[in-house]
Amino acid sequence: MPLEPEARSRLLENTPTIASAHEAAAAQGDTAALSATASVDLHFVAFVKSAQNNLWELDGRRKGPLKRGQLTEEDDVLSDKAVQLGVKAFLKREEEAGGGDLRFSLLALAPSFD
Amino acid sequence: MTSLVHKLGLSSTLAFHDVYSLDDPSLLAFVPRPVAALLLVFPVSKTYETTREAEDSSLKDYAGSGAEEEVLWFRQTIGNACGMMGLLHSACNGGAKEQIGNDPPATMAC
């Protein structure tokens with residue numbers, strides 16, 4: 001996309017449809033939504049495969065996207081190789097830094113059932 | 001997460017599925033393939049902050065843009081929006097980005 005990261009973040013902050021969709025989704029479910037200034041525990045990190053078959057780790061709190069390794073044409077992000085280079089490598093780094101038991105969940109964006 | 005991503009314009013042919021295990025093949029088999037993106041969700045911890053700072057210290061701030069960019073990355077500036085960021089990162093990259101409709105808000109971001 002033509003916009004640089006700073007400008008992209010501004011665009012996201014100023015797009016009312018994204019904000020209202022987010023608010024509406026946050027209000028669903030059983031947990032009360034927190035204000036944006038409250039300190040929350042959960043963080044989300046995405047793993048995707050580029051057209052060049054590289055595995056990238058995307059975390060908005062880092063300095064930029066992180067290339068974690070090369071995959072084959074046939075790999076998707078849940079293949080053995082992708083899991084080793086991505087999620088498992090992440091968990092290993094956490095453990096080595098003294099993290100021990102990391103309570104995590106994993107969501108996969110994949111074809112719907114219906 | 002799934003209804004939010006559909007509201008933002010991602011085709012209903014894609015959805016978020018829970019992955020119950022990374023090691024048990026019978027549980028892994030529950031996830032339809034190919035998987036376009038994986039979202040790791042975890043509580044922020046001191047270890048995460050330490051690892052992040054250590055790895056990031058040698059990196060420059062990302063300034064990429066334009067057609068040569070390999071992936072689309074957003075810096076998180078909105079408080080507590082990391083779920084939204086995860087969602088955008090998942091939807092705007094990899095196999096999912098072809099499945100965004102023409103009109104909706106997600107295309108403004110992607």
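Straight-line cross-link reach from A:Lys81 at under 22 Å between alpha-carbon atoms covers these lysines, not counting any fewer than eight positions away in the same chain: A:Lys49, A:Lys67, A:Lys92. Taking amide H as placed 1.01 Å from N in the peptide plane, B:Leu14 has its amide H under 5 Å from the amide H of A:Ser112, each at least 5 places away in sequence or on another chain. Shielding by partners for peptide B:50-59, expressed as the average number of C-beta atoms from other protein chains within 10 Å of each residue's C-beta, is 4. For A:His43, the residues whose amide H sits under 5 Å from its own are B:Phe42, B:Val44, ignoring neighbours fewer than 5 places away on the same chain, with H placed 1.01 Å from N. For chain B, a Kirkwood hydrodynamic radius built from all Cα pairs, placed in the Stokes-Einstein relation at 37 °C and 0.692 mPa s, yields a translational diffusion coefficient of 205 µm²/s. Karplus-derived 3J(HN,Hα) values for the range B:14-20, using 6.51 cos²θ - 1.76 cosθ + 1.60 with θ = phi - 60°, are 10, 8, 8, 10, 6, 9, 7 Hz; glycine and proline are entered as x.
Readers should treat all values here as calculations from the given coordinates under stated rules, not as data from a laboratory. Note that this is a predicted model, so its numbers are computed, not measured. Positions of Cβ are generated from backbone atoms using ideal geometry, with glycine treated the same way; all protein chains shown enter the neighbour counts.
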